[in-house]
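K.L.:
Pasting in a structure now, in C-alpha cells, and then I'll have a few things to ask.
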Amino acid sequence: MIYLRSRSEIGTLRQAGRIVAEVLNSLESKIRPGVTTRTLDQWAEKLIRERKATPSFKGYQGYPATLCTSVNDQVVHGIPDSRVLKSGDIISVDVGANFNGWHGDAARTYAVGEVAVIFQQLMKVTKEALEIGIAEAKVGKHLSNIGHAIQQHVEAANFSIVRDFVGHGIGREVHEDPQIPNFGKPNQGVILKAGMILAIEPMVNVGAYPVRVLDDNWTAVTQDQSRSAHFEHTIAILDSGAEVLTV
C-alpha cells in the first residue's frame, strides 16, 4: 500500500529528516584517516538520541548498528567495526532516525583524505544522479521516470547503476511501498501523487553493476571489486514539486 501523508504528518517527517541531515553534516568533519567506522557509528547514535529520536536501523531485522558504513567496493549495508579509514578511501554513510514514530533516511559518500580523480568523479555523478531523479518527482508523472533519468545520467558518465538494491517509500516504517528502481524505462507504473514520501538512493559503480552479499548477510560489495558511491534523500511529493526533507 502506498500512503499519502497529511501536512501535519509531513511536518513530523521533516523533523526526522532534519535530524538525519544534522548527523551527516556533523560526520563530515570526523571522517578522516585514522578513524574507525565504529567511532563514527557511536557518534551518530549519540547525536540522534540527544535529539529525542532513535536510530531507525539499529535492531531492524537484526541489524546491529546505527549507521551503514560502506567503504570502497562496499555498495551498501556495511556494518561499522574496527576498520580504520585511510587516505584515498571513499565511504558511504547511510543513516535513519525515528522521531515520534516517523522516519527520515539519507546517505552521502565522503572522500577520506586525498582521493583519486576517478573516485571524485564517481561521487559527483552519483550526487548529480540523485538530484536529477528528485527533479523528476512531480505530481502526475510516472515513478519510473525517476529511475530512468538516474540511469541515463550515470551511464552517460560511463559508470553503472546497481540493480539489486532500490529506493523505497518511507513513513511510519523505514521501508514502505513503492520500490523505486534507479533504472528502467520512462512513463511506466505508479503515478506520483501529493503526499507520497520517497527515499531515492542511486548506488553507482565504477565497474559493472552486479553485486554480492558477504557472509555477514548484510554487506553488499561489487562483484568486480570496483568502487561504489551512494547518495540518498527522503523527499515529499507536493503539489508545488518535490521537497527534500533530509536537509
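K.L.:
When region 21-60 is examined, which residues are found to be in contact with a Phe, Trp or Tyr (Cβ under 9 Å, 6 or more places away or on another chain) and without any contact (Cβ under 8 Å) to a residue 40 or more places away in the chain?
P.N.:
If the condition is that a residue be in contact with a Phe, Trp or Tyr (Cβ under 9 Å, 6 or more places away or on another chain) and without any contact (Cβ under 8 Å) to a residue 40 or more places away in the chain, then 26, 30 are the ones that fit.
K.L.:
If you don't mind, another one. Quick one: in region 217-247, which of the residues that are of a type in the set (Asp, Glu) and not in a strand (DSSP E or B) is surrounded by the most Cβ atoms within 10 Å (Cβ to Cβ)? Steps first, please.
P.N.:
Restricting attention to region 217-247, the residues satisfying the condition of being of a type in the set (Asp, Glu) are 224, 232, 239, 243.
Now restrict to residues that are not in a strand (DSSP E or B): 224, 239.
Numbers: 224: 14, 239: 10.
The extreme case among them is 224.
K.L.:
Output the residues belonging to region 154-180 that are in contact with a helix residue (DSSP H, G or I) (Cβ under 9 Å, 6 or more places away or on another chain), surrounded by fewer than 21 Cβ atoms within 10 Å (Cβ to Cβ) and under 13 Å from residue 200 (Cβ atoms).
P.N.:
Hit for region 154-180 is 166, nothing else.
K.L.:
Still on this structure, I have one more. State whether the residues of region 142-153 include one that is among the aliphatic types (A, V, I, L, M), closer than 27 Å to residue 62 by Cα, crowded, with 23+ Cβ neighbours inside 10 Å and touching a residue at least 24 places away in the same chain (Cβ under 8 Å). Show your work before the answer.
P.N.:
We begin by selecting, within region 142-153, every residue among the aliphatic types (A, V, I, L, M); these are 143, 146, 149-150.
Now drop any that are not closer than 27 Å to residue 62 by Cα, which leaves none.
No: region 142-153 contains no residue that is among the aliphatic types (A, V, I, L, M), closer than 27 Å to residue 62 by Cα, crowded, with 23+ Cβ neighbours inside 10 Å and touching a residue at least 24 places away in the same chain (Cβ under 8 Å).
K.L.:
Additional query: Determine whether region 184-200 contains at least one residue that is more than 25 Å from residue 69 (Cα to Cα), surrounded by fewer than 21 Cβ atoms within 10 Å (Cβ to Cβ) and modelled with pLDDT under 95.
P.N.:
yes
K.L.:
Of all residues being outside any strand (DSSP E or B) and β-branched (Val, Ile, Thr) in region 189-216, which is farthest from residue 14 (Cα to Cα)? Just the residue, please.
P.N.:
206
K.L.:
Scan (1) surrounded by fewer than 21 Cβ atoms within 10 Å (Cβ to Cβ); (2) in a helix (DSSP H, G or I); (3) not aromatic (Phe, Trp, Tyr) for the single condition residue 20 breaks and write down its number.
P.N.:
All conditions are met except number (1).
K.L.:
While we're looking at this one, here's another question. Only residues that are outside any helix (DSSP H, G or I) and either modelled with pLDDT under 95 or small (Gly, Ala, Ser) (or both): list them for region 96-151, please.
P.N.:
Within region 96-151, 96, 97, 101, 104, 106, 107, 111, 113, 116, 137, 140 qualify.
K.L.:
Still on this structure, I have one more. Which ones in region 127-158 are of a type in the set (Val, Ile, Thr) and within 19 Å of the chain's Cα centre (by Cα)?
P.N.:
The answer is 132, 134, 146, 150, 154.
K.L.:
Taking residue 70 as meeting all but one of (1) in a strand (DSSP E or B); (2) farther than 19 Å from residue 204 by Cα, write down the number of the exception.
P.N.:
So the condition that residue 70 fails would be (2).
K.L.:
Hey, another quick one. Identify, by number, the condition in (1) among the β-branched types (Val, Ile, Thr); (2) without any contact (Cβ under 8 Å) to a residue 60 or more places away in the chain; (3) under 26 Å from residue 223 (Cβ atoms) that residue 90 doesn't meet.
P.N.:
Evaluating residue 90 over (1) among the β-branched types (Val, Ile, Thr); (2) without any contact (Cβ under 8 Å) to a residue 60 or more places away in the chain; (3) under 26 Å from residue 223 (Cβ atoms) leaves (2) as the failure.
K.L.:
Looking at (1) in contact (Cβ under 8 Å) with a residue 60 or more places away in the chain; (2) part of a helix (DSSP H, G or I), can you tell me which one residue 178 breaks?
P.N.:
It is condition (2) that residue 178 fails.
The values are calculated or read from the model by the stated rules, or taken from the named source; none is laboratory data. Just so it is clear, the structure is predicted and the values come from calculations on it, not from any experiment. Every residue, glycine as well, gets a Cβ built from its backbone with ideal geometry; the counts of neighbours run over all protein chains shown.
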